Amino acid sequence: MIDWRQHLQVWRRAYGSVDACAGWSITTQFVHLAGLLPLFPRGSHLVQLGGEPGHEVPVTLGLKSVAIGYCRVWGPLVTLGLALALTRGGLADGGGWTGAAWIGAAILAAAASVAAWALGGLSVDARAQRLAYARHAQYPVDVARLPGVHDLVWSRLHPHVSKRAAELAAARHYPKTTSPEELWRDVAVDPLVTEAEFLSGALTLARIEWRLGSGAPRRRLADLHRAIWDNLRVADPTLLETAARA
């Protein structure tokens, strides 16, 4: 009698490596069958490619990583199974909608398998933004996905960015209604401000506050993030050059 408990192993096994940047990527650990087939996601982590085992940074569960983890393993198996069923099992012999549905399912499974390998990367802009975040959050990852990011990054970074914003604004005229705590937003979108370190800090703050926000304020923070990024990519063109190689 087969003891399925020997096959249903709850070891840590990572699938769905995506969003590689500067030697790091996002993976998701799954409950798996026989050490090969991912069943249920347990959590996502930022891992160093080729790094020491166990050196992982927890991040929020990544739906992209989960979907790709499933598709890279199950996609080829489902495609093969459907192909065998169609050619040897006669699933398409009935014709009509039934046969077309099975053929369509096989095509979709094959397409999902290919897409899972083709769509796991990041654009150059996305990698460059992660490199900017890493200047203040240590790791080249979307800071919105770091648990406890308010306490770990925002509380330390906000005073520094606010102080530098006040210094940069001293020789310029900004609305008097702007509070000292919010002045950094006006300064960061000023096209005359070209200090890359300040702009990368402001970009990081905007992304963190976007995560903590909701509704209309969150949409405004997304617009703020885009405007700061437009300034930063002009102020520090080497960031994009580095990201193209990352």
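For the chain, the alpha carbon convex hull comes to 178 Å³ per residue, rounded to a whole number. The alpha carbon centroids of segment 207-242 and segment 25-89 are separated by 31 Å.
Remark: segment 124-245 projects, on average over all directions, an area of 7.2 nm² (convex hull of Cα atoms).
Close amide H partners of G43, meaning residues 5 or more places away or on another chain with modelled amide H under 5 Å apart, are Q29. With an a/c value of 1.5 or above and a/b larger than b/c for the gyration tensor axes a ≥ b ≥ c computed over the alpha-carbon atoms, segment 147-214 is described as prolate. The angle between the Cα long axis of helix 63-88 and the longest principal axis of the Cα atoms of the chain comes to about 20 degrees, rounded to the nearest 10. Placing +1 on the Cβ of every Lys and Arg and -1 on the Cβ of every Asp and Glu, with no other charges, gives segment 124-245 a dipole of roughly 300 debye about its Cα centre. Straightening the chain between L80 and L240 buys 53.5 nm, computed as 0.36 nm per residue apart minus the Cα-Cα spacing.
Packing-based ranking of 71-84, 144-157 yields 71-84, 144-157, ordered from highest to lowest mean Cβ neighbour count within 10 Å.
Where a number appears in this text, it was derived from the coordinates with a stated rule and is not lab data. If you're wondering where the values come from, they're calculated on a predicted model, not measured in any experiment. All Cβ positions, glycine included, derive from the backbone under ideal geometry; neighbour counts span all protein chains shown.
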